[in-house]
Every structure is written in C-alpha cells, then in structure tokens.
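S.K.: Below is a structure I'd like to ask you about.
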Amino acid sequence: MAYDAIETPFGKTNKIIGGSATYVAYAASNFVRPINQISIVGYDFAKEEMEALKSRGVSLEGVKIIPDKKSFFWSGKYHLDMNTRDTLITDLNVLADFNPVVPDSYQGSEFVMLGNLAPRIQIDVIKQLKKRPKLIAMDTMNFWMESAMDDLKEVLKMVDALMVNDSEARQLTGEFSLVKAAKSIMKMGPKYLIIKKGEHGALLFHGNNVFFAPALPLEDVFDPTGAGDTFAGGFMGHLAKTKDISFENMKTAIIVGSALASFCVEKFGTERLKEVSKAEIDARIQEFVQLVQFDIALV
C-alpha cells in the first residue's frame, strides 16, 4: 500500500494510491470476499482510500498505521513503448520497518499471495501461518535476485506458485529458453510457474504442461503500473472463488487475470479498477476467448 507519482507519454499524475497489495485487493474483490490485507502505511495514507477498500470487502485488520512516518512512495516515468521505465524516486519510509504480523482472524486463509517484498519478509509470513493454505503464490523481482538470492531460494521451496516476468525468469536461472528456465525454476520448489510477458501475454507451466494466454490488443494504454499485480489479483481471486487449483482451472484463472490487467492499464492507478463492473469483466473475458478460439479443418 503506497503512493505513486507516474508520468507516461499520455499524461502525468501527482500522488495517487498504489502498491501491489492495493491492486491485488481491488482485482480479487471482484471474485471473493473478504480480502485479508497485510501491509503498513503512514499517517498520510488517505482515510477515504481506506474506506474505499473496506467497501470492496477488504479487511484492514492486518494493516499497520505508523503515526509519525509517511507511506512508501515511488515515482516513475514510462517511455513510449510502455515496457521500459525510469524510477525517479523511491522513498521506503514506513516500509523500511515492515515486520508483518498475521492476525488471528486471518489464520485459515486458503489462498495467500505474497507481494514483491524482501524474501525474508515472505518467509516470515509463511512461518506465521498455523495451517498450510491450499495455495501460496509469490511475486519477486531482479533486485532480490541480486541482493538476497539465498533467502529467495529458501522461500521458493515454501511456495506453490511463482509469478515473474520473462527477464526475471532468465536472470533467476541463467537460461535464455523460457521452457528450460521454467523447468529449472520448478526444480527450485514451485509446482506452478507463471511467466508474464507484458503486452505479449503470459505463460503457465506445471510439470510438462504449458499454457499460453495472449494479452488483449488495446487501443489505449495510459498506465501499465500495477498491471502485473492486478493480473495476480484476478488470478488468485478466481482460484479462491472456485477453490480448484487444477491445471485446467489455472488456465481459466490466467485468462481472468489477463482480463483484469487489461482494465487496469486503461486509466491511471486504481481508477479503472474501482469502477469496473461484473458485466464489463464478463464481456472482456469473452473477448479473450474469441481472440484464441478458432476452428480448423485438416485436408
């Protein structure tokens, strides 16, 4: 839970609400409630934003408010292709002292999504869970591969699913082929691997099974910030709603996650996610189905 300031070729914002947990919560709340949020914010985190999350069925019992410090702040500028960006400012603020505590009321949660934080924090959260969830998924990034590889390898043994982008998968394994990288990563612990390829879709690996979901071609992309976290929220939300972690259902969850991410990029920050309706989500999922469905006659 954080504040972002974003500049893209299509516009610029001052401080707006961001943070991976915020995007995950808004996306997942379309499918399952309550969302048990664990995070840390400062005195400057707007009360109306807290209320907006609560109205979507997000429990904030696990969100710690630090009265004398500011919330995490990130500022970035995207280039014309929207796949590359420059980080202008990173102020850790309260995040520097983040020691998450899992409230008793959150124990028994069946689906856990660990946001992109220090692997040591991810490990700490897993160890606090009294009962093994049905599925633990995690996100990570190149920074942790460079600065905390031993901890990262430890947490990978403790989770069921890993979400990374293609460059991170290659960096983690030293393999250029994503198929070879996937096999190498699954040997590290996760049974399921999702490799996100931005505007080129996402790959799901499990054993010898592979599934590819395209990204929906969009006319307007205003802000890709949070798209990956929104994807994760849609993916986990669908699994939590159906309580089915088979490979076949994960294929559907990938499409659902991709559909939610396609909404996220249409406006700045969480703006589009706050207003999107079930009818719009259902229609967008159908667009994905039509995008990949075809009949072929072999002569």
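S.K.: Kindly list, by first and then second residue, each pair from a residue in the range 176-187 that is of a type in the set (A, V, I, L, M, F, W, C) to a residue that is surrounded by 14 or more Cβ atoms within 10 Å (Cβ to Cβ) and in a loop (DSSP other than H, G, I, E, B), limited to pairs with Cβ atoms under 7 Å and residues at least 6 apart or on different chains.
M.R.: Note: pairs meeting the criteria are Ala181/Glu175.
S.K.: Pairs only if they're at least six apart or on different chains, beta carbon under 8 angstrom, first in the range 43-59 and at pLDDT 95 or above, second among the small types (Gly, Ala, Ser) and surrounded by fewer than 16 Cβ atoms within 10 Å (Cβ to Cβ); list them, first residue then second.
M.R.: Ser59/Ser105
S.K.: Which one of these is crowded, with 19+ Cβ neighbours inside 10 Å and either within 19 Å of the chain's Cα centre (by Cα) or at pLDDT 95 or above (or both): Val24, Val32? Please lay out each step first, then the result.
M.R.: Values: Val32 fails: crowded, with 19+ Cβ neighbours inside 10 Å.
None of the others qualify; the one that does is Val24.
S.K.: With the requirement that a residue be part of a loop (DSSP other than H, G, I, E, B) and out of contact with any His (no Cβ under 7 Å at 6 or more places or on another chain), what does the range 17-50 give you?
M.R.: Matches in the range 17-50: Gly19, Ser29, Asn30, Val32, Arg33, Pro34, Tyr43, Asp44, Phe45, Ala46.
S.K.: Starting from residues that are touching a residue at least 24 places away in the same chain (Cβ under 8 Å), in a loop (DSSP other than H, G, I, E, B) and not small (Gly, Ala, Ser), keep the ones in the range 200-216 and report whichever is nearest to Leu260 (Cα to Cα).
M.R.: Leu216
S.K.: Given (1) at pLDDT below 95; (2) surrounded by 13 or more Cβ atoms within 10 Å (Cβ to Cβ); (3) β-branched (Val, Ile, Thr); (4) in a helix (DSSP H, G or I), identify the lone condition not met by Thr225.
M.R.: With (1) at pLDDT below 95; (2) surrounded by 13 or more Cβ atoms within 10 Å (Cβ to Cβ); (3) β-branched (Val, Ile, Thr); (4) in a helix (DSSP H, G or I) applied to Thr225, the lone miss is (4).
S.K.: Can you find, within the range 172-199, the residue that is surrounded by the most Cβ atoms within 10 Å (Cβ to Cβ) among those that are among the charged types (D, E, K, R) and assigned to a loop (DSSP other than H, G, I, E, B)?
M.R.: Ranking the qualifying residues of the range 172-199, first place goes to Lys197.
S.K.: If we scan the range 244-256, do we find a residue that is farther than 21 Å from Leu135 by Cβ, surrounded by fewer than 24 Cβ atoms within 10 Å (Cβ to Cβ) and small (Gly, Ala, Ser)?
M.R.: No: zero hits.
S.K.: Continuing with the same structure: In the set Lys64, Lys54, Lys70, which member is among the basic types (Lys, Arg), closer than 30 Å to Lys243 by Cα and in contact with a helix residue (DSSP H, G or I) (Cβ under 9 Å, 6 or more places away or on another chain)?
M.R.: Numbers: Lys54 fails: in contact with a helix residue (DSSP H, G or I) (Cβ under 9 Å, 6 or more places away or on another chain); Lys70 fails: closer than 30 Å to Lys243 by Cα.
Lys64 is the lone residue from the list that is among the basic types (Lys, Arg), closer than 30 Å to Lys243 by Cα and in contact with a helix residue (DSSP H, G or I) (Cβ under 9 Å, 6 or more places away or on another chain).
S.K.: Taking into account only those residues within the range 71-83 that are outside any strand (DSSP E or B) and over 17 Å from Ser20 (Cα atoms), which is modelled with the lowest pLDDT?
M.R.: Keep residues of the range 71-83 that are outside any strand (DSSP E or B), which gives 71, 79-83.
If we keep only those that are over 17 Å from Ser20 (Cα atoms) too, we end up with 79-83.
Details: His79: 87, Leu80: 83, Asp81: 77, Met82: 76, Asn83: 73.
Checked the range 71-83; the qualifying residue modelled with the lowest pLDDT is Asn83.
S.K.: Moving to a separate point now. Filter the range 95-140 for residues that are out of contact with any strand residue (DSSP E or B) (no Cβ under 8 Å at 6 or more places or on another chain), surrounded by fewer than 15 Cβ atoms within 10 Å (Cβ to Cβ) and not in a helix (DSSP H, G or I) and give the result.
M.R.: Asn99, Gln107, Gly108, Lys130, Lys131, Arg132
S.K.: Turning to a different aspect of this structure: Would you confirm whether any residue within the range 264-272 is modelled with pLDDT of 95 or more, crowded, with 16+ Cβ neighbours inside 10 Å, among the basic types (Lys, Arg) and over 27 Å from Lys183 (Cα atoms)?
M.R.: Scanning the range 264-272 turns up at least one residue that is modelled with pLDDT of 95 or more, crowded, with 16+ Cβ neighbours inside 10 Å, among the basic types (Lys, Arg) and over 27 Å from Lys183 (Cα atoms).
S.K.: A further question follows. Based on this model, can you work out whether Thr87 counts as in contact with a strand residue (DSSP E or B) (Cβ under 9 Å, 6 or more places away or on another chain), free of Cβ contacts under 8 Å to residues at least 40 places away in the same chain and loosely packed, with under 14 Cβ neighbours inside 10 Å? Please lay out each step first, then the result.
M.R.: Working: in contact with a strand residue (DSSP E or B) (Cβ under 9 Å, 6 or more places away or on another chain): yes; free of Cβ contacts under 8 Å to residues at least 40 places away in the same chain: yes; loosely packed, with under 14 Cβ neighbours inside 10 Å: yes.
Answer is yes for this residue.
The values are calculated or read from the model by the stated rules, or taken from the named source; none is laboratory data. From a predicted model like this one, the values you see are computed outputs, not experimental measurements. Note that we place each Cβ from the backbone using ideal geometry, even for glycine, and neighbour counts take in every protein chain shown.
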